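**Student:** Dropping the structure in here first, questions after.
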Amino acid sequence: MKKAIAFALVLALLLSLSACVPGVNNVINTNTNNSSNTAVQNDVNTLAGTYRIVVWCPVDAAYLIVKQIADFNASNGHGIIIEATVENKTVEEAGASFPAELSEAPDLFVFSQADLSALVRSGAVDALSETAAKNVRDSSDANAAAAAGIGESIYAYPLTSDGGYVMYYNKSVIPESDTDSLEKLLADCAEAEQSFSMMAGTARGLVSFFFGTGCVSAFETDEDGNVTGINDTFNSAGGMAAAKALYALVSSEYFKSSDNPSSLVSQSAAVISDMGALMEAREVLGEDLGVADLPSFAAGGASFHMGSFSGCKLLGVKHQEDARAANVLGQLAQFLAEYDRQMERFKTLGWGPSNLKAQGTDAVKSNAAVAALAEQNRYAVLEGQTNAQWWEAAQKLASDIADSDGSDEALQEALDSYTDSLNSLLATEETETETESESETAE
């Protein structure tokens, strides 16, 4: 119902912006063509003309994307007119459902950096020019620039640096001085008979402890995005310490686990979740809302700060056979990724900017959630080109730890099973890479 209402609002707003014809399946078609302007520009610019494209983006951003494309039409100075059909796709759906047949794929799409490798391998996106790549590196924070590239090449335009986790807490229950200690947080929750919530039973919750104790798990890829190996130290002394700490948390009677922690805001004194939970937390807690980076936890007589994955929303441009279209779409993508558009999305949608100039503004720096995420990113690992099987293996490890009796033997068995899964994963990747190479040779 919320999605339908949001979409209806988008359409209503668009009617005041341009002539819009809503289609089916949550599709917005915009036509901002000014034929007289185009006719004049055609005489002086080889890029002038009308370009009909398909754009995928999250539903909450649809209105702004349409509005910003209209701004591009009005300001590009080259007689370029973009007619965009905007279809609603989450950043996760964009990568997972990207068509194998490029003729059926969107021309521009907002996606997660975790899907970049697959898009590069399939030929769906091309490396940016040296000039465009330099602009991405110069204007974006280091994590965002890294997220948009593989090897020495940049393949997409960073839009945000807000993919990560923070802690929302009830200030009437938890003193700010206790927010850096998981043990103190649990004690406060116990006293108030409220819960501490996070995705502890998932891969994302698992890494909070394993990254916290210094473990790593990172895929190694070649220039084409093919997996060549994995550097993983989960099955180690640090991994055992993390497993014990995770087991201690899930064993607490005041702990609640959920794949969607934001749904537990009203039941919890503290919730670890993504930036998408901010609006819900504000509605539930009002003036009592506090936001902080993740806490530290005790393990093996030492204290470790919880780690996390960080991530970015990227804007991809589909491979174009027509050089003029490729040039125009590159200009549009760069326009949508620039400072002014990122600030507009930050103010309207709360998207945390990747643009360095935007990050330095008072408006961004004074936002409690963005500031907390920036602090947490000191302990975060950029979510790279992780294989789907890795998520399954990490999910199983989290479940095995939670379902065990907490003994060293049981936890070691869980870690060994995880290692076996990784070995199987690498064997599968090697076979697939060899098969692809043989197919290319045959062709």
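The values are calculated or read from the model by the stated rules, or taken from the named source; none is laboratory data. Note that this is a predicted model, so its numbers are computed, not measured. So basically every Cβ, Gly included, is an ideal-geometry build from the backbone, and we count neighbours across all protein chains shown.
Let's see how each residue does on (1) β-branched (Val, Ile, Thr); (2) in contact with a strand residue (DSSP E or B) (Cβ under 9 Å, 6 or more places away or on another chain); (3) assigned by TED's automatic domain parsing to the domain that holds Glu280; (4) part of a helix (DSSP H, G or I):
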{"position": "Val173", "(1), (2), (3), (4)": "yes, yes, yes, no"}
{"position": "Leu185", "(1), (2), (3), (4)": "no, yes, yes, yes"}
{"position": "Asp188", "(1), (2), (3), (4)": "no, yes, yes, yes"}
{"position": "Glu191", "(1), (2), (3), (4)": "no, no, yes, yes"}
{"position": "Val207", "(1), (2), (3), (4)": "yes, yes, yes, yes"}
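**Student:** Would you say Ser421 is touching a residue at least 60 places away in the same chain (Cβ under 8 Å) and in a helix (DSSP H, G or I)?
**Tutor:** In short, no.
**Student:** Do any residues in the stretch 227-255 that are within 17 Å of Gly406 (Cβ to Cβ) have Cβ atoms under 6 Å from those of residues that are in a loop (DSSP other than H, G, I, E, B) and at pLDDT 95 or above, where the two are at least six apart or on different chains, and which pairs are they?
**Tutor:** Hits for this filter: Gly239/Cys215; Ala241/Thr213; Ala242/Thr213; Tyr247/Gly406.
**Student:** Out of the residues in the stretch 346-366 meeting the condition of being out of contact with any Leu (no Cβ under 9 Å at 6 or more places or on another chain) and more than 17 Å from Cys312 (Cβ to Cβ), tell me which one is surrounded by the most Cβ atoms within 10 Å (Cβ to Cβ).
**Tutor:** So, considering only residues that are out of contact with any Leu (no Cβ under 9 Å at 6 or more places or on another chain) and more than 17 Å from Cys312 (Cβ to Cβ), the one surrounded by the most Cβ atoms within 10 Å (Cβ to Cβ) is Thr361.
**Student:** Here's a follow-up. Filter the stretch 90-105 for residues that are surrounded by fewer than 23 Cβ atoms within 10 Å (Cβ to Cβ) and outside any helix (DSSP H, G or I) and give the result.
**Tutor:** Result: Thr90, Ser97, Pro99, Ala100, Glu101, Ala105.
**Student:** Just to verify a result, which residue in the stretch 236-295, among those that are among the acidic types (Asp, Glu) and buried (at least 19 other Cβ atoms within 10 Å of the Cβ), is modelled with the highest pLDDT?
**Tutor:** Asp293
**Student:** Right, another one. With a cut-off of at least 2 residues that are at pLDDT below 95, name the strands (runs of 3 or more DSSP E) lying wholly within the stretch 301-378.
**Tutor:** Qualifying strands (runs of 3 or more DSSP E): 308-310.
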